Amino acid sequence: MSLKKLNITSQKAMTLIELMLVIAVLGVIVTIAIPSYQSYIDKTDNALAVSQILTIQSVIERYYLQNHRYPAKLDDIAGSLPDNGLDPWGNKYIYLNIADDWPRTRGPSRKDRNINPINTQYDLYSMGKDGQTKKQVSQKDSLDDIILARDGRFIGLAADF
């Protein structure tokens with residue numbers, strides 16, 4: 001039984017400096033990629049909420065054509081709502097019939113930065129990613145809300161209104 005010598009010179013290994021350099025490069029890539037990915041997810045969720053509000057708006061308008069009045073609440077049209085009336089963040093869409101309850105609903109209706117109502121028929125919106133909202137759409141808690149304004153001529157982020 002003979003012992004053979006091991007030939008270690010043919011094996012190569014990474015030095016500690018090379019390993020640290022690889023980890024640093026990966027750290028930079030992750031630091032750049034995560035915010036970009038989160039921004040992509042936010043834009044996708046906002047676009048989905050806009051699409052769902054458009055669908056809900058068409059259901060409300062169809063209800064109006066059939067009944068000659070707007071629904072009192074979203075529960076009246078619950079069977080036709082996308083995702084059971086939940087926005088992409090899991091919150092219920094908010095609806096307020098303004099036209100049929102005027103002037104009692106004038107107070108709770110959404111307002112622009114000049115305290116003017118943003119709709120005359122009904123308010124329909126999502127509280128956005130943070131799940132918080134204020135009556136005035138230009139306030140900080142409302143900037144991420146997805147709103148229907150100008151009686152449907154604007155649908156999008158409250159910050160863009």
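The values are calculated or read from the model by the stated rules, or taken from the named source; none is laboratory data. This structure is a prediction, so every number in the text was calculated from the model and none was measured. Here Cβ is always computed from backbone atoms with ideal geometry, including for glycine, and neighbour counts include all displayed protein chains. Side chains are part of the model used for accessible areas, which takes the heavy atoms of the whole protein and leaves out ligands, DNA and RNA. Shrake-Rupley method; radii C 1.70, N 1.55, O 1.52, S 1.80 Å.
Applying the set (1) surrounded by 13 or more Cβ atoms within 10 Å (Cβ to Cβ); (2) of a type outside the set (A, V, I, L, M); (3) at positive phi to residue 83 leaves exactly one unmet item: (1). The conditions of being closer than 19 Å to residue 50 by Cα, free of Cβ contacts under 8 Å to residues at least 60 places away in the same chain, in contact with an Asp or Glu (Cβ under 7 Å, 6 or more places away or on another chain) and in a loop (DSSP other than H, G, I, E, B) are not met by residue 120. Count of the stretch 117-161 residues, restricted to those that are over 17 Å from residue 86 (Cβ atoms) and hydroxyl-bearing (Ser, Thr, Tyr), is 4. Considered as a group, the residues in the stretch 130-161 that are among the aliphatic types (A, V, I, L, M) and part of a helix (DSSP H, G or I) include one that is most open to solvent (accessible area, probe 1.4 Å), and that residue is 159.
Tell me, which residue of the stretch 53-77 that is under 21 Å from the mean Cα position of the chain (by Cα) and hydroxyl-bearing (Ser, Thr, Tyr) is surrounded by the fewest Cβ atoms within 10 Å (Cβ to Cβ)? Applying the filter and picking the extreme gives 58.
Per-residue answers, yes or no, for (1) acidic (Asp, Glu); (2) within 28 Å of residue 146 (Cβ to Cβ); (3) open to solvent by 80 Å² or more (accessible area, probe 1.4 Å):
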| residue | (1), (2), (3) |
| --- | --- |
| 18 | yes, no, yes |
| 26 | no, no, yes |
| 31 | no, no, yes |
| 51 | no, yes, no |
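When the test is whether a residue is of a type outside the set (Lys, Arg), part of a loop (DSSP other than H, G, I, E, B), open to solvent by 20 Å² or more (accessible area, probe 1.4 Å) and touching a residue at least 40 places away in the same chain (Cβ under 8 Å), residue 88 passes it. Annotation: residue 46 fulfils all but one of (1) under 21 Å from the mean Cα position of the chain (by Cα); (2) surrounded by 16 or more Cβ atoms within 10 Å (Cβ to Cβ); (3) farther than 24 Å from residue 159 by Cβ; (4) not charged (D, E, K, R); the unmet one is (3). Only residues that are open to solvent by 40 Å² or more (accessible area, probe 1.4 Å) and either within 24 Å of residue 69 (Cα to Cα) or modelled with pLDDT of 90 or more (or both): list them for the stretch 115-126, please. Matches in the stretch 115-126: 116, 117, 120, 121.
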